[in-house]
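The values are calculated or read from the model by the stated rules, or taken from the named source; none is laboratory data. What you are looking at is a predicted structure, and each value in this text was computed from that prediction instead of being measured. FYI the Cβ positions are ideal-geometry reconstructions off the backbone, even for glycines, and counts take in every protein chain you see. What goes into the accessible areas is simple: the full protein's heavy atoms, side chains included, and nothing from ligands, DNA or RNA. Shrake-Rupley method; radii C 1.70, N 1.55, O 1.52, S 1.80 Å.
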Amino acid sequence: MKSFDGENMTDEMPTMSRFERRETDVLLTYADGSEFSVTYDDLRHSCPCAKCSPLRNEDEASKNLRRQVEALPKEKPKVRIVGNYALGFEWTQGCSSGIFRFERIWDLANRRDPDNGKPYVHGAW
Amino acid sequence: MSDSPVTTHDPNADDTPAEASPQEQKKMEQAYAQMKRKMSMEEIGKKIKHKVMVLSGKGGVGKSTVSTGLALSLAQQGLSVGILDIDITGPNVPKMMGLDGQRLHVESGRIHPAKGHLGVKVISMAFLLDSEDTPVVWRGPIKLGAIQQFIGDVEWGNLDYLIIDFPPGTSDEPLTVAQSLPDIDGMVIVTTPQEVALLDSRKSITFSESLKVPVLGVVENMSGYTISGKAPPGSDIEIAAPAGKTLKATANDAGEFSVTLDIFKKGGGKLTAEEFGVPFLGALPFDPGFVRGGDDGVHRIVSEPEGPSAVAFAAIVAALQEQIVDDPGAGLEII
Ligand SMILES: Nc1ncnc2c1ncn2[C@@H]1O[C@H](COP(=O)(O)OP(=O)(O)O)[C@@H](O)[C@H]1O
Ligand SMILES: [Mg+2]
């Protein structure tokens, strides 16, 4: 995994080696042998696309987004690899636009806020 | 244009009239042409190993300079490369590639690209213009149709890389291309270090997420101006730079020195890249040779294949190639 010296990059993120889609969550295995699970609801709630990100700026909108995500039928996503730094997920319903950098997934795996408290970057849109 | 090239047909309607009305016939012909185009786009997608879009938030930041530079730098590696210039607002790629005044070459219904410097194949919206000064005013659907045609009907042959130069901003064109051409590797975003350009390039990055095309990286153009000169070996040089700064250098054993003036604020491209967590591919110096090259049709990389700008391009291309994976996901098991 290539790393950049930006301060928001997570230090020492191991390379993801396995992405196992289970019924309602994904089991992630990293090259150092560590395992994590991330629910699809968490994944979808943290979508980094331009439409979903701003919704997490405020608590109320964020909770709303959460409810919308939870109301979607449970399904396993199609996974595609983006460049060599991210994954994309395709769902039959709801938003499939977000490109999830490995750092974002690593944050989710470690139960950290992947937005770092500022999901929406001013000037974009 | 409709997404589905096939018109619906009722299988029970065996008693179709022997002759279709002229309108129906025309519709069928259009559907057939559309289907053929779609198939040929898929075919083209397979023959071109890597497709890279070049975008910028603003015009005039050097998108075409970077597109042609990337193409030539890749061609310098011995790869077969094409450029598709669909910047309708100012298609200046032909000029930079020494192909000024070329017209579209069509043979048995297929469009054949022109061959520019280092054998790079070029198709440009400029090939459709009567004269350089004709402003191209296209209505939306015609414009997008022309782009699809440019993608589907061009005989590229086998290419290692196709570089696509877009109009500035977040318009319809990237969407059309992203939807027509399968397996785009991603986009390169060109910016200058100024705040305004940066803000616009941030827009492009967000835009890329909505297109589902990954950002391969950010290139900062016109990053600094390098002054070189000669002085007695080992002597110290001081140059008065803008904002009261002094730049220092020491002449080497051959009596050569160089210093770099930052014309705009430095490092903005890198910061933008970091802010979004996308790769920073590198910076290109301000080089008046680019402007001359644009005017006399000899690209900087061609006129000075080992000069500082060519070296900078080679580094950017190396960083780009690192982002482009021949076998994506090698090592990641998805089950
Ligand atoms: N690094 C550079 N140094 C000097 N001039 C440059 C550089 N990059 C671009 N230019 C000049 O700036 C002008 C705009 O560049 P161009 O590539 O046509 O921009 P765009 O395609 O973004 O509109 C051209 O005259 C070009 O020669
Ligand atoms: Mg241009």
Taking the simple approach of a point 7 Å from Cα along Cα-to-Cβ for both B:LEU128 and B:LYS26, what is their distance in nm? 2.0 nm
With θ set to phi - 60° and the Karplus curve 6.51 cos²θ - 1.76 cosθ + 1.60, what are the ³J(HN,Hα) couplings of the stretch A:67-80 in order, to the nearest whole Hz, using x for Gly and Pro? 4, 4, 5, 5, 7, 6, x, 5, 8, 8, x, 7, 10, 10
Could you run the numbers on buried accessible area between A and B, total for both chains, 1.4 angstrom probe, in Å² to the nearest 100? 2900 Å²
Exceeding the 18 Å Cα-Cα cut-off - candidates B:LYS46/B:LYS115; B:LYS36/B:LYS121; B:LYS63/B:LYS95; B:LYS58/B:LYS203; A:LYS78/B:LYS51; B:LYS51/B:LYS121: B:LYS46/B:LYS115; B:LYS36/B:LYS121; A:LYS78/B:LYS51
With every protein chain kept in place and a 1.4 Å probe, the residues A:ARG21, B:ARG300 fall, from largest accessible area down, as A:ARG21, B:ARG300
Per-residue accessible area, 1.4 Å probe, largest first, puts B:PHE207, A:PHE36 in the order A:PHE36, B:PHE207
